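Chemist: Take a look at the following structure, please.
The values are calculated or read from the model by the stated rules, or taken from the named source; none is laboratory data. Remember, predicted model here, so these are calculated numbers, not experimental data. All Cβ positions, glycine included, derive from the backbone under ideal geometry; neighbour counts span all protein chains shown. Side chains are part of the model used for accessible areas, which takes the heavy atoms of the whole protein and leaves out ligands, DNA and RNA. Shrake-Rupley method; radii C 1.70, N 1.55, O 1.52, S 1.80 Å.
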Amino acid sequence: MLYNRLGKTNLEVSRLGFGTMRLPTKGSNDEIDEEESSKMLTYGIENGINLIDTAYPYHSATLEGRGNSEIFLGNFLNENSYRDDIILSTKSPIWAIDKKEEFDYYLDEQLKKLQTDYIDIYLLHSLTEPDWYKVKDLEVFDFLDDCLSSGKVKHVGFSSHMEVDYVIEVLDEYPKWEVVMTQMNYFDEYYQSGVMGLNYLKEVDVGSMVMEPLRGGSLVQNIPQAVQDLWNVAEVKRTPVEWALQYLWNRDDVDCVLSGMTSLQQVKQNIETASKMDEISDYDHEIIREVAREYRQTVGNKCTRCGYCMPCPHGVDIINCLTEYNIAHMLNDPKASAMQYFTLMDDDSRADSCVQCMECLPFCTQMLNIPEELEKVHEYFGSEFDHF
Ligand code: SF4
Ligand code: SF4
């Protein structure tokens, strides 16, 4: 494993961080497969991963619910005496906070769930422009000051899907920010805060944690032939996962790449990739740019499969509806995707079950108008497989 300094925290973090929002489950999202997940985390820690990231709602049964990821992680770290060996990162569910005292309420609950006295990195979760103004009104800086002085939290920051101007505004308003988590991969260089945001973090020495390195798997699954042809002409042969991860690790403004791993095999492969120096040449950078261009021409929507919009209270399988639509466009094979759409999803979870209640809208990290996207999905696939 290779390690980077996480900005002014001065923590030495493994450049691969373990995200715990997509742990294997035994069915529903809140039923973590604890045996398999424990094996994955043990392998990760024993092979050099020292940063584990979770959040209040990860693996919950409802949209705003109390997730099981923190509970599972607390048990796992306690039972295996790993707590002091790792850097633990979790997040304040700011969308659920309407009163000043609720900041403390959630932090104390999270400390209990995680069975620890301190959190190494505490982030305001998925900060948006309206949330930013809300938490400022609720005197969030006083809360953060108190967290740091009490020792309950060692370093504070925020995770964000905002545009770069907002990220800079937030950073400039509080001198104690030490870490920011943003979305980045070779497809999203100019999306959200993108490259400019990472450059700014480097300039002000704030540690960067990157999410969505594989864009929810869309950069590494169902590779279109045109993309594979581009990879084939590269000087060094790499798998799509290696391309996506090494692209990030070749950037000097990326400190830690978080991967929400779902199987032991993925953990092993990612650790192997994270453990080798693999310099990307100028020629290979050109190929990466070409691949991004190719994907941009084909993608149907910008869903990253992050799952923040799930579960839909009306049972719509938002992620898989949007994914099948994307795959159909990327591979230009509507029939194959329609087959998946109609066989893997039941009647009640397809796009036409959306009642446009709008409850999912505030949760989309990519600012998608989900009901509108679902309408497109329904228009594309229709109500029955027969017409394909
Ligand atoms: S708008 Fe549609 S997809 Fe979103 S929560 Fe409501 S029913 Fe579910
Ligand atoms: S629709 Fe938005 S919130 Fe839901 S999985 Fe896709 S990107 Fe994430």
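Chemist: Quick check on region 220-239. Is at least one of its residues open to solvent by less than 10 Å² (accessible area, probe 1.4 Å), within 19 Å of the chain's Cα centre (by Cα) and not assigned by TED's automatic domain parsing to the domain that holds Met330?
Modeler: There is no residue in region 220-239 that is open to solvent by less than 10 Å² (accessible area, probe 1.4 Å), within 19 Å of the chain's Cα centre (by Cα) and not assigned by TED's automatic domain parsing to the domain that holds Met330.
Chemist: Please go through region 275-328 and give me each residue that is away from ligand 2 (no atom under 12 Å from the Cβ), within 21 Å of the chain's Cα centre (by Cα) and part of a helix (DSSP H, G or I), ordered by number.
Modeler: Residues satisfying the conditions are Ala292, Tyr295, Arg296, Glu324, Ile327.
Chemist: Applying the selection to region 137-160, what residues are under 21 Å from Asp98 (Cα atoms) and either open to solvent by 60 Å² or more (accessible area, probe 1.4 Å) or within 20 Å of the chain's Cα centre (by Cα) (or both)?
Modeler: Asp137, Glu139, Asp142, Asp146, Val156, Gly157, Phe158, Ser159, Ser160
Chemist: Any residue in region 22-34 that is within 16 Å of the chain's Cα centre (by Cα) and under 19 Å from Ser159 (Cα atoms)?
Modeler: yes
Chemist: Does Val236 count as part of a loop (DSSP other than H, G, I, E, B), hydrophobic (A, V, I, L, M, F, W, C) and touching a residue at least 12 places away in the same chain (Cβ under 8 Å)?
Modeler: yes
Chemist: Identify, please: which residue in region 280-326 is among the hydroxyl-bearing types (Ser, Thr, Tyr) and within 16 Å of ligand 1 (Cβ to nearest atom) and is, among those, most open to solvent (accessible area, probe 1.4 Å)? Let's see the steps before the verdict.
Modeler: Applying the first criterion (among the hydroxyl-bearing types (Ser, Thr, Tyr)) to region 280-326 yields 281, 283, 295, 298, 304, 308, 323, 325.
Imposing the further condition that a residue be within 16 Å of ligand 1 (Cβ to nearest atom) reduces the set to 308, 323, 325.
On the way: Tyr308: 49, Thr323: 23, Tyr325: 23 Å².
Among those residues, the one meeting the criterion is Tyr308.
Chemist: Against the condition of a type in the set (S, T, N, Q), modelled with pLDDT under 90 and surrounded by fewer than 22 Cβ atoms within 10 Å (Cβ to Cβ), how does Gln265 come out, does it pass? Walk me through it before giving the result.
Modeler: On the way: of a type in the set (S, T, N, Q): yes; modelled with pLDDT under 90: no; surrounded by fewer than 22 Cβ atoms within 10 Å (Cβ to Cβ): yes.
No.
Quick grid of which residues meet (1) farther than 14 Å from Leu111 by Cα; (2) crowded, with 21+ Cβ neighbours inside 10 Å; (3) touching a His at 6+ places or on another chain (Cβ under 8 Å):
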| position | (1), (2), (3) |
| --- | --- |
| Ile32 | yes, yes, yes |
| Ser38 | yes, no, no |
| Gly44 | yes, yes, no |
| Ala55 | no, yes, yes |
| Ser69 | no, yes, yes |
| Asp85 | yes, no, no |
| Ser89 | no, yes, no |
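Chemist: I've got another one for you. Among the residues of region 347-377 satisfying the criterion of being open to solvent by less than 20 Å² (accessible area, probe 1.4 Å) and among the hydroxyl-bearing types (Ser, Thr, Tyr), which is nearest to ligand 1 (Cβ to nearest atom)?
Modeler: Ser349
Chemist: List pairs: first in region 344-371 and of a type outside the set (A, V, I, L, M, F, W, C) and part of a loop (DSSP other than H, G, I, E, B), second open to solvent by less than 20 Å² (accessible area, probe 1.4 Å) and within 10 Å of ligand 1 (Cβ to nearest atom), Cβ under 8 Å, 6+ apart or cross-chain?
Modeler: Within 8 Å, the pairs are Arg350/Val316; Arg350/Cys321; Gln356/Pro371.
Chemist: With the requirement that a residue be under 18 Å from Ile52 (Cα atoms) and among the hydroxyl-bearing types (Ser, Thr, Tyr), what does region 173-217 give you?
Modeler: Residues satisfying the conditions are Thr182, Ser208.
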